[in-house]
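Trainee: Here you go, one structure.
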Amino acid sequence: MRQAPAWQSELAQAVTDPEELLRLLGLNPAWGGGARAAARTFALRVPRAYVARMRRGDPHDPLLRQVLPLADELEPAAGFTLDPVGDLDTLAAPGLLHKYPGRALVLTTGACAVHCRYCFRRHFPYAAHGGAPRRWRAALARIAADPALSEIILSGGDPLSLGDRQLASLVEALDPIPHLKRLRLHTRLPVVLPARVDSGLLEWLAATRLTRVVVIHANHANEIDADVARALGALRKAGCTLLNQAVLLRGVNDSADAQAALAEALFETGVLPYYLHLLDPVQGAAHFEVPADEARALVAAVRARLPGYLVPRLVREIPGADAKRPLEAEV
Ligand SMILES: *Cc1c(COP(=O)(O)O)cnc(C)c1O
Ligand code: SF4
């Protein structure tokens, strides 16, 4: 048998017990009570490589806040729903979302290496509608039959939580479809588990004729350490254009300082800021909300400090709209 790649054992050893996470950070494990209750609706999951970047002894650490379940999540909040972006209305085939002209998104898997508490798909019924390799055939047939599609986005879940053999076969099936020009990955793995970017991954990424775009997901400058920088450098060397999408989160990155530091850290590793998303109103995430007016003021403050190419586009998702909606357009 072939040996499993190192990243898979790192993935299997992710922290899933709130008390263990608190103990690792030198925090009071008794706080795990509320966490345990909240984790019953959406489990805690965080790779140790990501925990290692958290500050010990700081319950407000911006990385910890993104992953620690809190009793706050159980408070009902008006307008916060199970499917806030209307994904279930845009299924073109099992596991295929076609919301926007020219590009479609494959829900490759429901699995993620990390569970972000604010995730807009935290309640998505993957078992019924989501991705699974055995369902790709219908999605591929649909893609092949639609000449208006020029770009396929592999998303999830996190597509890179799948093994390279499955991903390589999916990309090999996309490659010959003549109207496709670009392959895009939406993945948080290069940030939370940089060991995922290994030779097996780089091999199939380099093999496709499609133009490659990798959109990573980092919300705070502290997420980017030397291992992450190395992983991003390898992706760039394999010919990928690197972009970042972030979510504006109360208590994590809701200041011009935090946003400017993130943009600078990204650019140092060859990544351009792409989107800064307003929080999608998903049930359980209301405590992360930053109101739109405050968000606009914050991005204006960043724009006053940084070159234009380092300022992400502030957007929100409106169910039924034909693109992510820039917030400036709403003024
Ligand atoms: C966000 C999203 C995209 C990508 O939108 P871009 O503006 O091209 O980044 C594509 N499909 C779906 C279903 C999406 O949610
Ligand atoms: S990595 Fe992305 S899809 Fe997975 S939990 Fe986080 S935000 Fe959601």
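The values are calculated or read from the model by the stated rules, or taken from the named source; none is laboratory data. Keep in mind that what you see is a predicted model, and the values were worked out from it rather than measured. Methodologically, a virtual Cβ is constructed for each residue, glycine included, from the backbone with ideal geometry; neighbour enumeration extends over all protein chains shown.
Trainee: Residues in segment 81-95: is at least one modelled with pLDDT under 95, closer than 27 Å to Gln259 by Cα and surrounded by 14 or more Cβ atoms within 10 Å (Cβ to Cβ)?
Mentor: Filtering segment 81-95 for residues modelled with pLDDT under 95 gives 81-95.
Then drop every residue that is not closer than 27 Å to Gln259 by Cα, which leaves 84-85.
After this cut, where a residue has to be surrounded by 14 or more Cβ atoms within 10 Å (Cβ to Cβ) as well, the list is 84-85.
Scanning segment 81-95, I find at least one residue that is modelled with pLDDT under 95, closer than 27 Å to Gln259 by Cα and surrounded by 14 or more Cβ atoms within 10 Å (Cβ to Cβ), so the answer is yes.
Trainee: Between residues in segment 86-99 that are within 16 Å of Leu170 (Cβ to Cβ) and of a type in the set (A, V, I, L, M, F, W, C) and residues that are within 16 Å of ligand 2 (Cβ to nearest atom) and assigned to a helix (DSSP H, G or I), which pairs lie under 8 Å by C-beta distance while being six or more apart or on different chains?
Mentor: Leu97/Asp87
Trainee: Tell me which strands (runs of 3 or more DSSP E) are completely within segment 94-159 and hold 1 or more residues being of a type in the set (Phe, Trp, Tyr) and at negative phi, or say none if there are none. Step through it out loud before you land on a result.
Mentor: Details: elements: 96-100, 103-107, 151-155.
Where strands (runs of 3 or more DSSP E) fall fully within segment 94-159 and carry at least 1 residues being of a type in the set (Phe, Trp, Tyr) and at negative phi, they are 96-100.
Trainee: Any residue that is touching a Cys at 6+ places or on another chain (Cβ under 9 Å) and of a type in the set (Lys, Arg) - is there at least one of those in segment 212-233?
Mentor: yes
Trainee: Is it the case that segment 324-331 has a residue that's more than 21 Å from Val271 (Cα to Cα) and in contact (Cβ under 8 Å) with a residue 40 or more places away in the chain?
Mentor: yes
Trainee: If I ask for residues that are more than 20 Å from the chain's Cα centre (by Cα) and in a helix (DSSP H, G or I), which ones from segment 269-294 would you list? Give the derivation first.
Mentor: Taking segment 269-294 first, the residues more than 20 Å from the chain's Cα centre (by Cα) are 291-294.
Within segment 269-294, Ala292, Asp293, Glu294 qualify.
Trainee: If you take the residues in segment 52-93 that are within 12 Å of ligand 1 (Cβ to nearest atom) and assigned to a helix (DSSP H, G or I), which one is nearest to the chain's Cα centre (by Cα)?
Mentor: Asp87
Trainee: Has segment 288-304 got at least one residue that is closer than 14 Å to Tyr118 by Cα, out of contact with any Asp or Glu (no Cβ under 7 Å at 6 or more places or on another chain) and of a type in the set (D, E, K, R)? Lay out the reasoning, then the answer.
Mentor: Our first condition is that a residue be closer than 14 Å to Tyr118 by Cα; within segment 288-304, this holds for 288-290.
Filter once more, keeping what is out of contact with any Asp or Glu (no Cβ under 7 Å at 6 or more places or on another chain): 288-289.
Now drop any that are not of a type in the set (D, E, K, R), which leaves 289.
Yes, the conditions are met somewhere in segment 288-304.
Trainee: Something else about it: If I filter segment 302-331 down to residues being hydrophobic (A, V, I, L, M, F, W, C) and surrounded by 15 or more Cβ atoms within 10 Å (Cβ to Cβ), which single residue comes out as farthest from Pro281 (Cα to Cα)?
Mentor: Residues of segment 302-331 that are hydrophobic (A, V, I, L, M, F, W, C), as a first pass: 302, 304, 306, 310-311, 314-315, 318, 321, 323, 327, 329, 331.
Now narrow it down to the ones that are surrounded by 15 or more Cβ atoms within 10 Å (Cβ to Cβ): 302, 306, 310-311, 314-315, 327.
Numbers: Val302: 24, Leu306: 29, Leu310: 27, Val311: 24, Leu314: 16, Val315: 14, Leu327: 16 Å.
Filtering first and then ranking leaves Leu306.
Yes or no, residue by residue, for (1) out of contact with any Leu (no Cβ under 9 Å at 6 or more places or on another chain); (2) within 16 Å of ligand 1 (Cβ to nearest atom); (3) at pLDDT below 95:
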residue: His277; (1), (2), (3): no, yes, no
residue: Asp280; (1), (2), (3): yes, yes, yes
residue: Gly284; (1), (2), (3): no, no, yes
residue: Glu289; (1), (2), (3): no, no, no
residue: Val302; (1), (2), (3): no, no, no
residue: Arg305; (1), (2), (3): yes, no, no
residue: Arg313; (1), (2), (3): no, yes, no
residue: Ile318; (1), (2), (3): yes, yes, yes
residue: Lys324; (1), (2), (3): yes, yes, yes
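Trainee: Mind listing whichever residues of segment 201-231 are touching a strand residue (DSSP E or B) at 6+ places or on another chain (Cβ under 8 Å), hydrophobic (A, V, I, L, M, F, W, C) and over 30 Å from Val282 (Cα atoms)? Let's see the steps before the verdict.
Mentor: Taking segment 201-231 and keeping what is touching a strand residue (DSSP E or B) at 6+ places or on another chain (Cβ under 8 Å), we get 205, 208, 210-219.
After this cut, where a residue has to be hydrophobic (A, V, I, L, M, F, W, C) as well, the list is 205, 210, 213-216, 218.
Correct list: Leu205, Leu210.
Trainee: Considering Ala226, Ala231, which residue is away from ligand 1 (no atom under 16 Å from the Cβ), without any contact (Cβ under 8 Å) to a residue 24 or more places away in the chain and out of contact with any Ser or Thr (no Cβ under 8 Å at 6 or more places or on another chain)? So that I can check it myself, show each step before the final result.
Mentor: On the way: Ala231 fails: without any contact (Cβ under 8 Å) to a residue 24 or more places away in the chain.
Checking each option against the conditions leaves just Ala226.
Trainee: Sticking with this structure for a sec: If I ask for residues that are in a loop (DSSP other than H, G, I, E, B) and surrounded by 14 or more Cβ atoms within 10 Å (Cβ to Cβ), which ones from segment 41-51 would you list? Let's see the steps before the verdict.
Mentor: Here is the first cut: in segment 41-51, the ones in a loop (DSSP other than H, G, I, E, B) are 41-45, 47.
Correct list: Phe42, Leu44, Arg45, Pro47.
Trainee: Pick from segment 253-268 the residues that are within 19 Å of the chain's Cα centre (by Cα) and part of a loop (DSSP other than H, G, I, E, B): which of them is surrounded by the most Cβ atoms within 10 Å (Cβ to Cβ)?
Mentor: Within segment 253-268, the subset within 19 Å of the chain's Cα centre (by Cα) is 253-254, 258-259, 262-263, 265-267.
Pick out the ones that are also part of a loop (DSSP other than H, G, I, E, B) and you get 253-254.
Working: Asn253: 24, Asp254: 17.
Only one residue fits best here, namely Asn253.
Trainee: Could you tell me which residue of segment 237-259 is nearest to Arg48 (Cα to Cα), considering only residues that are touching a Leu at 6+ places or on another chain (Cβ under 6 Å) and away from ligand 1 (no atom under 16 Å from the Cβ)?
Mentor: Step by step, filter segment 237-259, then rank; the result is Ala238.
Trainee: Also: Taking segment 276-323 only, how many residues are within 26 Å of Ala39 (Cβ to Cβ), hydrophobic (A, V, I, L, M, F, W, C) and without any contact (Cβ under 8 Å) to a residue 40 or more places away in the chain?
Mentor: 0
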